[in-house]
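The values are calculated or read from the model by the stated rules, or taken from the named source; none is laboratory data. From a predicted model like this one, the values you see are computed outputs, not experimental measurements. Counting neighbours? That spans all protein chains shown, and the Cβs are built from the backbone with ideal geometry, glycine included.
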There are 2 protein chains.
Amino acid sequence: MQASNVSFPDRVQPAGNYSWVEKRLLPLIFRSVGPAPVRVVLGNGTGVSPPNVAPRFTMWIRDLPTLAELLIDPETGFGDAWTEGRIQVTGDLTAFLEAVYASMAEATKGPGWYSRLLSKWTDVQQANTLEGSRENIHVHYNLGNDFYRLWLDSELVYTCAYFPSASATLEEAQTAKMDHVCRKLRLQPGETVAEAGCGWGALALHMARNYGVRVKAFNISREQILYARQRAQEEDLNDRVEFIEDDYRNLSGTFDAFVSVGMLEHVGRENYGEVGAVIHRTIGDRGRGLLHFIGRSEEGQFSRWIRKRIFPGAYVPSLRQALQILEPYGYFVQDVENLRPHYAKTLEHWLDRFEKSSAKVSAMYDAEFERAWRLYLAGSIAGFRAGTLQLFQVVFSGPKSGALPWTRADLYDKRRENRAWTPATS
Amino acid sequence: MQASNVSFPDRVQPAGNYSWVEKRLLPLIFRSVGPAPVRVVLGNGTGVSPPNVAPRFTMWIRDLPTLAELLIDPETGFGDAWTEGRIQVTGDLTAFLEAVYASMAEATKGPGWYSRLLSKWTDVQQANTLEGSRENIHVHYNLGNDFYRLWLDSELVYTCAYFPSASATLEEAQTAKMDHVCRKLRLQPGETVAEAGCGWGALALHMARNYGVRVKAFNISREQILYARQRAQEEDLNDRVEFIEDDYRNLSGTFDAFVSVGMLEHVGRENYGEVGAVIHRTIGDRGRGLLHFIGRSEEGQFSRWIRKRIFPGAYVPSLRQALQILEPYGYFVQDVENLRPHYAKTLEHWLDRFEKSSAKVSAMYDAEFERAWRLYLAGSIAGFRAGTLQLFQVVFSGPKSGALPWTRADLYDKRRENRAWTPATS
């Protein structure tokens, strides 16, 4: 790490060693990210710090073109340059990103048309048509099960876990999450469930095995579906779980419950109307459902860098936007829970395992891939910690569905822990 | 009750005794309310039933002008005519209204412009300016404490209760509601709370007495404020609770928490931006808050009859509409709970007590007033049962507020029941 022992001037003025252009450009960084506690050093120069803030990190920028990228499109510029080693940061990457996110929340926002234009360009490239979605999902989920096995839990659950206490293991927390979802849905033996976006099948298998329901689970990732089918066969659950390699939009049949954990992020807001139509076609006015998704506290653009490098076609809605799915059908919103700190902790577990396997990841792909994924995981932790990202679980029921339990106390009944849920009689 | 022993023809055709005009008009009722299981009888005629539905109720309409009112503006027409005895209904009024609401949900809706026009006219008459609100609130809440004492619980809590079990008494359920609110807010001794719309002060006193907080409570109903102040004095809580006779929009000072139970319905959707501004001025980015309000599963007009006779200026938002209050400030929605069945049960208790005191109410006001209030209570039960009304509790926190407990389990911890909440340490 270069430039980590230079002194910190207390003004937004590069001290020396810089050309006139560099002296004008460097301070602009704090215009876009706000007064982050970061000393910025360009090449072999002496660096610049924000006014009135003691720097806790140093960010080194290799050259003027990299600085220009950063100023034109801060997020993608940083992501690409850090991944390629043209930008380096001292200290803990996650803590650095968290500090920058917090600072950006304070910063004067740039012109809205500019970020909308940049974002629109990504939208066009990654449209979630039936074919576009297949391509978008393929990029991420067909990287190979061996890759995900390196850093996910043993059941390959790639969504926010639920930690009954902060000291629970990742494996315990993923099981607890699946139980939390099943309890919230008040699943009863013999019922039928449609799952949209089933990953490697852990939740579908858990529901069938522990709650006695029959599940039809959809996913357009072939690698995941093949893995899930194999597990169903091994567990002899083939008669109760059907894994279908198809788009959620082709879901057919009628069911008692609809569940989708971690798919809405991939749907794109232009398709929310269709999500609602699929749900209504599936459970009608009598069923109930649960949507589990990454959200935001206010409408905004989702990280372009993550969309470019990690999740093509992704969009993260505010809670209000997500409710557009349910309102046209008059679904009753029964329960919304925000699990934001749980996703930060889940990601900490993932990043910890990922870093322990970083050499393997580099060997499987290359060093740049490994850095991109490390940045994505660290950036997500920072986002959930700083609150730029939220995690919502929304439970809803049709206007003609039967009664739910009188209160939510059954979700927290210790006597029911690790057992299938049976309805409260009070 | 006239006409209760006539036979039911199975077509939408009045059988006889009717003029040509009446024969054309009567069947139109089922165009606006759908196939409700109701036999409709006009004057001394033989009546009409909907096709393919066995009538469970008979509605008697005194004369042609009353029928015309009902057809032009079904809701206000029914409300006024039933109140004045020009319409009568056999059997249980609540069950009748519930059946009609359920049927209306199935009915083909009339032209939207027509109901919007009718609704707009009421909006204009009842605008929630500072002065308009005072007038609107005066109409309802200054009817006299003696009136409300006849049918509310002993603490005069005029909002949805929370029944830990269906067999809880109204008094127990109102106390449980106040505890549920305080626990959701995670109140800590020494904290400060702003309450907007405090009714007769029960919640403010409960928070100060049982949770050790200091409360500033606002209300524009003089009768209620005077009563609340007296109670604070009697309980020697004057140093911890301040009751202020003023509009919530004049709320000043900074607080740890903001709470509003049953006020949003009176605010009017045109003022949601201002509600958000008041909240942000009060608790900033570090506080937390709870909104408890009657809502709907989809946007729509609120009952014009209730606005005319009972609650001038009222508006019932969908959850999405209510979130417009919080989103501009980036508040994190932590928890939404739908207490719809709890409000139906609360209202059943109120109606039961009201009916036992109906002679007293008639004596205090007059028979028409008594009928109007009976219809309002019965109609509200029907609305919550049928799902045209919902009850939402929304917990939110500022982007810089401290950590909340790891899960919601503390809300349901039996060991804490009937005791002040202390923070979980896990």
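Scanning for something under 19 Å from A:Ala95 (Cβ atoms), more than 14 Å from chain B (Cβ to nearest Cβ) and crowded, with 19+ Cβ neighbours inside 10 Å, does segment A:360-368 turn up at least one residue? Before the answer, list the steps.
We begin by selecting, within segment A:360-368, every residue under 19 Å from A:Ala95 (Cβ atoms); these are none.
Scanning segment A:360-368 turns up no residue that is under 19 Å from A:Ala95 (Cβ atoms), more than 14 Å from chain B (Cβ to nearest Cβ) and crowded, with 19+ Cβ neighbours inside 10 Å.
Go through segment A:385-405 and give me each residue that's at the interface with chain B (Cβ under 10 Å from one of its Cβ atoms) and part of a strand (DSSP E or B).
Once the filter is applied, which keeps residues that are at the interface with chain B (Cβ under 10 Å from one of its Cβ atoms) and part of a strand (DSSP E or B), segment A:385-405 yields A:Gln390, A:Phe392, A:Val394, A:Val395, A:Phe396, A:Ser397.
Identify, from the list A:Gly313, A:Gly287, A:Gly262, the residue that is of a type in the set (Gly, Ala, Ser) and surrounded by fewer than 21 Cβ atoms within 10 Å (Cβ to Cβ).
On the way: A:Gly313 fails: surrounded by fewer than 21 Cβ atoms within 10 Å (Cβ to Cβ); A:Gly287 fails: surrounded by fewer than 21 Cβ atoms within 10 Å (Cβ to Cβ).
Only one candidate qualifies: A:Gly262.
Just checking, which of B:Ile310, B:Ile325 is touching a residue at least 40 places away in the same chain (Cβ under 8 Å), among the hydrophobic types (A, V, I, L, M, F, W, C) and more than 23 Å from B:Tyr101 (Cβ to Cβ)? First the steps, then the outcome.
Details: B:Ile310 fails: more than 23 Å from B:Tyr101 (Cβ to Cβ).
B:Ile325 is the lone residue from the list that is touching a residue at least 40 places away in the same chain (Cβ under 8 Å), among the hydrophobic types (A, V, I, L, M, F, W, C) and more than 23 Å from B:Tyr101 (Cβ to Cβ).
Scan A:Glu234, A:Glu171 and give me the residue that is touching an Asp or Glu at 6+ places or on another chain (Cβ under 8 Å), free of Cβ contacts under 8 Å to residues at least 60 places away in the same chain and assigned by TED's automatic domain parsing to the domain that holds A:Trp373. Write out each step before concluding.
Working: A:Glu234 fails: touching an Asp or Glu at 6+ places or on another chain (Cβ under 8 Å).
Going through A:Glu234, A:Glu171 in turn, the sole match is A:Glu171.
Which of the helices (runs of 4 or more DSSP H) contained wholly in segment A:73-186 include at least 2 residues that are surrounded by fewer than 21 Cβ atoms within 10 Å (Cβ to Cβ), of a type in the set (Asp, Glu) and modelled with pLDDT under 95? Steps first, answer last, please.
On the way: elements: A:74-83, A:93-106, A:112-125, A:130-141, A:145-149, A:170-184.
In segment A:73-186, A:130-141 are the helices (runs of 4 or more DSSP H) which contain 2 or more residues that are surrounded by fewer than 21 Cβ atoms within 10 Å (Cβ to Cβ), of a type in the set (Asp, Glu) and modelled with pLDDT under 95.
Given the conditions (1) within 14 Å of chain A (Cβ to nearest Cβ); (2) more than 21 Å from B:Val259 (Cβ to Cβ); (3) surrounded by fewer than 22 Cβ atoms within 10 Å (Cβ to Cβ); (4) of a type outside the set (D, E, K, R), which single one is not true for B:Gln324?
(2)
Starting from segment A:84-98, take each residue that is closer than 13 Å to A:Trp60 by Cβ and list its partners that are of a type in the set (S, T, N, Q) and assigned to a helix (DSSP H, G or I), counting only C-beta distances under 7 angstrom and pairs at least six apart or across chains.
A:Arg86/A:Thr66; A:Ile87/A:Thr66
Checking the condition modelled with pLDDT under 95 and either surrounded by fewer than 21 Cβ atoms within 10 Å (Cβ to Cβ) or not in a loop (DSSP other than H, G, I, E, B) (or both), which residue from A:Glu337, A:Glu299 passes? Show your work before the answer.
Numbers: A:Glu337 fails: modelled with pLDDT under 95.
Of the residues listed, the single one that is modelled with pLDDT under 95 and either surrounded by fewer than 21 Cβ atoms within 10 Å (Cβ to Cβ) or not in a loop (DSSP other than H, G, I, E, B) (or both) is A:Glu299.
Being farther than 18 Å from B:Glu195 by Cα and either assigned to a helix (DSSP H, G or I) or not polar (S, T, N, Q) (or both) is true for just one of B:Leu290, B:Leu351. Which residue is that?
On the way: B:Leu290 fails: farther than 18 Å from B:Glu195 by Cα.
Exactly one of B:Leu290, B:Leu351 is farther than 18 Å from B:Glu195 by Cα and either assigned to a helix (DSSP H, G or I) or not polar (S, T, N, Q) (or both), namely B:Leu351.
Hey, could you check segment A:157-197 for residues that are in contact with a helix residue (DSSP H, G or I) (Cβ under 9 Å, 6 or more places away or on another chain) and of a type in the set (D, E, K, R) and say which is farthest from the other protein chains (Cβ to nearest Cβ)?
Only one residue tops the list, namely A:Glu195.
With respect to the numbered conditions (1) within 18 Å of B:Ala378 (Cα to Cα); (2) in contact (Cβ under 8 Å) with a residue 24 or more places away in the chain, which one is the sole condition not fulfilled by B:Leu67?
Single failed check for B:Leu67: (1).
Across segment B:295-321, which residue is farthest from the other protein chains (Cβ to nearest Cβ) among those that are charged (D, E, K, R) and under 14 Å from the mean Cα position of the chain (by Cα)? Even if it seems obvious, please write down each step before you answer.
Step one: list which residues in segment B:295-321 are charged (D, E, K, R), which gives B:296, B:298-299, B:304, B:307-309, B:320.
Those still in the list that are under 14 Å from the mean Cα position of the chain (by Cα) too: B:296, B:304, B:307, B:309.
On the way: B:Arg296: 9, B:Arg304: 20, B:Arg307: 22, B:Arg309: 26 Å.
So, considering only residues that are charged (D, E, K, R) and under 14 Å from the mean Cα position of the chain (by Cα), the one farthest from the other protein chains (Cβ to nearest Cβ) is B:Arg309.
Just give me the residues in segment B:392-409 being touching a Lys or Arg at 6+ places or on another chain (Cβ under 8 Å) and at pLDDT 95 or above, in sequence order.
We begin by selecting, within segment B:392-409, every residue touching a Lys or Arg at 6+ places or on another chain (Cβ under 8 Å); these are B:393, B:395-398, B:400-402, B:404-405, B:408.
Passing the criteria: B:Gln393, B:Val395, B:Phe396, B:Ser397, B:Gly398, B:Arg408.
For segment B:295-309, how many residues are out of contact with any strand residue (DSSP E or B) (no Cβ under 6 Å at 6 or more places or on another chain) and within 18 Å of B:Ala344 (Cα to Cα)? Write out each step before concluding.
Looking only at segment B:295-309, we keep the residues that are out of contact with any strand residue (DSSP E or B) (no Cβ under 6 Å at 6 or more places or on another chain), and these are B:300-309.
Imposing the further condition that a residue be within 18 Å of B:Ala344 (Cα to Cα) reduces the set to B:302-303, B:306.
Of the residues in segment B:295-309, 3 are out of contact with any strand residue (DSSP E or B) (no Cβ under 6 Å at 6 or more places or on another chain) and within 18 Å of B:Ala344 (Cα to Cα).
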